[in-house]
Amino acid sequence: MFRLKAGLHNFQEGVFGSTSDLTCPTNVRKPDTLMIACSGQGTAPDNVSFGNPGRFSILQHFGASMPSKSECKEHEGLSCDGVKTLFDRHDFRHVIVCGHLGCAVIRYWLQPVIEQHVNILRQQFEKRARDLVDKNYVPHTDAERCALMVCKHVLCQIENLLTHPFVVERVLAEKTSFHGWVVDDETARVLGYSSEKSAFVPI
Ligand SMILES: [Zn+2]
């Protein structure tokens, strides 16, 4: 379990769904769950899930990063239109943002000095989790700091998605709920974010 400080994110009530929503039997004939995972994750992300086969539509992207409304025009690879099209074409009931503890993207931000040639937008985009951890936590080891950053990065991407009006509309209409997951690459154990506990807990 990874405990997080409460109050660092501003998620409104109803944003997060429960794990049982994903495990209950469903008759859906098309994917109803969007899983956003890191392109560097070594296994097919839905292999770690326990949902019914066929429920998952997978989007693998650098660091499982999703642009906020203000960032997305300039962020390479994903546009606002691309994000909106995903939601328009599929009636996703659930969105899982899935990070992983062995993430090379997050490990990169553990460096004391970030190389200057790295795209400045990407720096701002990716390092929010690092800033949150460094300002609010005192991790004892690099591994602990990295795990905190992976957890925070997942929550930051959910926050980013919630800056898009078409996403907020779906959440307010109770059409879509979010799930924050972190996978341990070595054990395939999955931790899910509990907003009540402000922690990532085994699921
Ligand atoms: Zn990764």
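Summary table below
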quantity	calculated
Answer from 133, 167 - the residue that is touching a residue at least 24 places away in the same chain (Cβ under 8 Å) and open to solvent by less than 40 Å² (accessible area, probe 1.4 Å)	167
Complete set of residues in the range 71-111 that are over 25 Å from residue 185 (Cβ atoms), assigned to a loop (DSSP other than H, G, I, E, B) and either within 16 Å of the ligand (Cβ to nearest atom) or at pLDDT 80 or above (or both)	90, 91, 92, 93
The range 173-201, residues that are in contact with a helix residue (DSSP H, G or I) (Cβ under 6 Å, 6 or more places away or on another chain) and part of a loop (DSSP other than H, G, I, E, B)	176, 188
Matching residues in the range 53-70 - criterion: being open to solvent by less than 30 Å² (accessible area, probe 1.4 Å) and within 16 Å of the ligand (Cβ to nearest atom)	61, 63, 64, 65, 66
The range 173-189: number of residues that are loosely packed, with under 12 Cβ neighbours inside 10 Å and not hydrophobic (A, V, I, L, M, F, W, C)	3
Inter-residue pairs, beta-carbon under 8 Å, first at positive phi and in the range 176-203, second surrounded by fewer than 19 Cβ atoms within 10 Å (Cβ to Cβ), 6+ apart	188/43; 188/47; 198/3; 198/5; 198/6
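The values are calculated or read from the model by the stated rules, or taken from the named source; none is laboratory data. Bear in mind that the values here come from a model prediction, so they are computed numbers and not experimental data. Note that each Cβ is placed from the backbone with ideal geometry, even for glycine, and that neighbours are counted across all protein chains shown. Just so you know, the surface numbers come from the protein's heavy atoms only, side chains and all, with ligands and any DNA or RNA stripped out. Shrake-Rupley method; radii C 1.70, N 1.55, O 1.52, S 1.80 Å.
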